[in-house]
Amino acid sequence: MVIKYNTCSFSENKIAPGHGLKYCEVNGKTHMFITKKVHRLYLHGKKPLTIRWSIKWRTSHKKGKVEEAKKKVIRQKKERQVKAIVGLSVEEINKIKESFKNPKEVDAQRFKYAQEIKEKRKKYLEKVKKLRSDNRPKDNYSKNVKGHKGLSKH
């Protein structure tokens, strides 16, 4: 025969059949309490997390149950397969990857790349400046001259 145990709403202890108090609120909620002490604590608005002997406090503070040390499953790391990209072969990609392992080489490459960018930008700005100066029309007349409408000085 199976015996059905209820659980205390406050302390979460098991309540045997025929024991405990049943409390019904006005809104229709029902609570089962194991003792009057627990019932009074609930009515006074105490939280079970603040009562040290309640199961909620014990579980939140990791007391009582001693869990067995679980073995961590160590997965073997899979080696990533390097695939060729359009324009680069696998050997070239591996060569680039190896060059990044040495920090001095990496810094030198960054510096070299930065210098190239600066030079290209300088050349571009000079080119743009030259084009702007060539495309300007030469004005033979002065603008915003006060005078009659439609007339301009030459």
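All of the numbers you see were taken from the coordinates with simple rules; none came from a lab. Just so it is clear, the structure is predicted and the values come from calculations on it, not from any experiment. Ideal geometry is used to build each Cβ from the backbone, glycine not excepted, and the neighbour counts take in all protein chains shown.
For a 30 Å ceiling on Cα separation, which of these pairs sit above it: Lys77/Lys101; Lys104/Lys129; Lys83/Lys123; Lys97/Lys130?
Working: Lys77/Lys101 20 Å; Lys104/Lys129 38 Å; Lys83/Lys123 37 Å; Lys97/Lys130 42 Å.
Violating the 30 Å limit, Cα to Cα: Lys104/Lys129; Lys83/Lys123; Lys97/Lys130.
Which shape class applies to segment 1-99: rounded if a/c is under 1.5, otherwise prolate when a/b exceeds b/c and oblate if not, where a ≥ b ≥ c are the square roots of the Cα gyration tensor eigenvalues? Working shown, then result.
On the way: a/c = 3.95, a/b = 3.54, b/c = 1.12.
It comes out prolate by the Cα gyration axes.
Which chymotrypsin sites (Phe, Trp or Tyr not before Pro) does segment 3-48 hold that lie in a coil by DSSP with at most 13 other beta carbons within 10 Å? Can you show the working numbers first?
Values: sites: Tyr5, Phe10, Tyr23, Phe33, Tyr42; in loops: Tyr5, Phe10.
Counting only loop positions with at most 13 other Cβ atoms within 10 Å, the chymotrypsin sites (Phe, Trp or Tyr not before Pro) in segment 3-48 are Tyr5.
May I have the extent of the alpha carbons of segment 6-60 along their three principal axes, as whole Å values ordered from largest to smallest?
28, 24, 16
Quick one: P(r) of segment 76-139 from all Cα-Cα pairs, 10 Å bins, percents rounded to integers, in order of increasing distance.
17, 22, 25, 16, 12, 6, 2, 0
What are the GluC sites (Glu not before Pro) within segment 5-89 that DSSP puts in a loop, where the Cβ has at most 11 other Cβ atoms within 10 Å?
On the way: sites: Glu12, Glu25, Glu67, Glu68, Glu79; in loops: Glu12, Glu25, Glu67, Glu68, Glu79.
When the GluC sites (Glu not before Pro) of segment 5-89 are filtered for loop state and at most 11 Cβ neighbours within 10 Å, Glu25, Glu67, Glu68, Glu79 remain.
Between the alpha-carbon centers of segment 1-22 and segment 30-45, tell me the distance in whole angstrom.
When both Cα centres are located, 13 Å separates them.
Taking a 31 Å limit on the Cα-Cα distance, which of the listed pairs Lys46/Lys72; Lys72/Lys95; Lys95/Lys120; Lys4/Lys62; Lys14/Lys46; Lys56/Lys78 fall beyond it?
On the way: Lys46/Lys72 40 Å; Lys72/Lys95 36 Å; Lys95/Lys120 27 Å; Lys4/Lys62 28 Å; Lys14/Lys46 20 Å; Lys56/Lys78 43 Å.
Long pairs (Cα-Cα over 31 Å): Lys46/Lys72; Lys72/Lys95; Lys56/Lys78.
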